[in-house]
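Laboratory data are not the source of any read-out in this text; all were calculated from the coordinates shown. Everything quoted here is computed from the prediction, not taken from an experiment. Every residue, glycine as well, gets a Cβ built from its backbone with ideal geometry; the counts of neighbours run over all protein chains shown.
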């Protein structure tokens with residue numbers, strides 16, 4: 001039987017806090033030893049913000065997305081595909097993970113077009129070609145992917161990491177899509193965890209403003225992944241001890257499961 005594939009969106013405090021990032025890397029090594037085929041798509045918003053500030057390039061957001069002119073795109077690509085990607089690969093390697101860092105531009109992994117002219121070089125994914133990711137998995141590596149995509153003429157597009165991860169999970173028809181978050185999962189109006197969400201409930205909660213801001217692309221990326229063939233989608237608290245392992249190995253009732 002083929003080992004299960006797991007696409008993980010990695011970001012937030014789970015990525016930038018050593019007290020969380022080191023146990024996460026160690027957990028990936030253990031999961032890999034159990035035979036799981038792991039793919040990690042990472043973010044890097046705080047690191048991008050810091051570099052833009054150093055270069056005196058203003059940051060502006062519309063509808064939760066970073067407005068990305070050419071100067072900003074240059075910084076985004078430099079930070080995501082360079083500093084952040086290689087630092088995540090290095091961390092994983094130090095803790096026994098055979099990590100290989102790539103971006104969405106490699107081997108036509110992510111193709112995109114402009115989402116909206118007001119957002120500049122923010123991309124909408126048009127195609128996903130997971131051939132390189134599958135080849136790395138078959139060779140025993142954990143692909144670590146920076147969410148930058150290529151346009152029709154080779155131009156770079158900034159892609160929301162949740163969106164990129166969900167699109168890849170769907171294209172791979174992965175067994176699991178897991179979004180690592182800084183909260184227990186999706187919360188209701190009284191700040192209580194919602195253990196399961198249907199498509200209809202997602203639409204209602206977004207319309208009512210209960211699900212808002214950065215949580216919107218998370219729930220929508222889960223639905224997209226399920227629509228495209230991923231089997232299970234989960235928003236998981238990356239701050240909880242061994243939460244990823246407990247969910248994948250023990251089917252522990254953690255986070256919010258999003259159902260198609």
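For the pair residue 71 and residue 153, the difference between a 0.36 nm per residue extended length and the Cα-Cα distance amounts to 27.7 nm. Taken over the stretch 151-223, the convex hull of the Cα atoms encloses 121 Å³ per residue.
Approximating the spin labels as points 7 Å out from Cα along Cα→Cβ, the residue 62-to-residue 124 distance works out to 1.3 nm. Contact order, relative form, for the stretch 159-260: 41 percent (alpha carbon pairs under 8 Å, 6 or more residues apart, mean separation divided by residue count). Give the shape of the stretch 55-141 as rounded, prolate or oblate, defined through the alpha-carbon gyration tensor: a ≥ b ≥ c are the square roots of its eigenvalues, a/c under 1.5 means rounded, and otherwise the shape is prolate if a/b is larger than b/c and oblate if not. In terms of gyration-tensor shape, oblate. Beta-bridge orientation, the stretch 11-162: approximately 50 percent antiparallel, per DSSP, counting only bridges with both partners inside.
Note on the chain: antiparallel DSSP beta bridges, both residues inside, total approximately 35 percent of the bridges counted. Only helices enter the 222 nm calculation for the chain: every DSSP H run of n ≥ 4 contributes -39,500 (n - 2.57), and dividing by all residues gives -11000 deg cm²/dmol, rounded to 500. Seen from a random direction on average, the alpha-carbon convex hull of the stretch 47-92 projects onto 3.5 square nanometres.
Each principal axis of the Cα cloud of the stretch 124-188 was taken in turn, and the coordinate range along them, longest first, works out to 43, 30, 18 Å.
The average projected area of the stretch 11-162, computed from the convex hull of its Cα atoms over all directions, is 8.9 nm². Our analysis of the stretch 1-57 gives Rg over Rh at 1.15, with the two radii drawn from alpha carbon positions and Rh computed by the Kirkwood formula.
Note on residue 30 and residue 55: their simple-model spin labels are 4.0 nm apart, each label 7 Å out from Cα toward Cβ.
The DSSP beta bridges internal to the stretch 140-260 are antiparallel in roughly 45% of cases. Per Stokes-Einstein, at 4 °C and 1.567 mPa s, what whole-number D in µm² s⁻¹ belongs to the stretch 104-258, with the Kirkwood radius over Cα pairs as the hydrodynamic radius? Value of D from the Cα-based Kirkwood radius: 79 µm²/s. Residue separation of residue 108 and residue 207 scaled by 0.36 nm, minus their Cα-Cα distance, works out to 32.1 nm of gained length. Normalised by 2.2 N^0.38 Å, where N counts its residues, the alpha-carbon radius of gyration of the stretch 177-260 equals 1.01. P(r) tail for the chain: Cα pairs beyond 24 Å make up 44% of the total. Within the listed set 68, 163, 198, the residue fluctuating most in the Gaussian network model of the chain (springs between alpha-carbon atoms under 10 angstrom) is 198.
Shown is the FRET efficiency for residue 246 and residue 216, computed with R0 = 35 Å from the Cβ-Cβ distance and rounded to the nearest 0.05: 0.85.
When the chain is treated as a GNM with alpha-carbon contacts under 10 Å, the residue of 150, 100, 71 showing the greatest mean-square fluctuation is 71.
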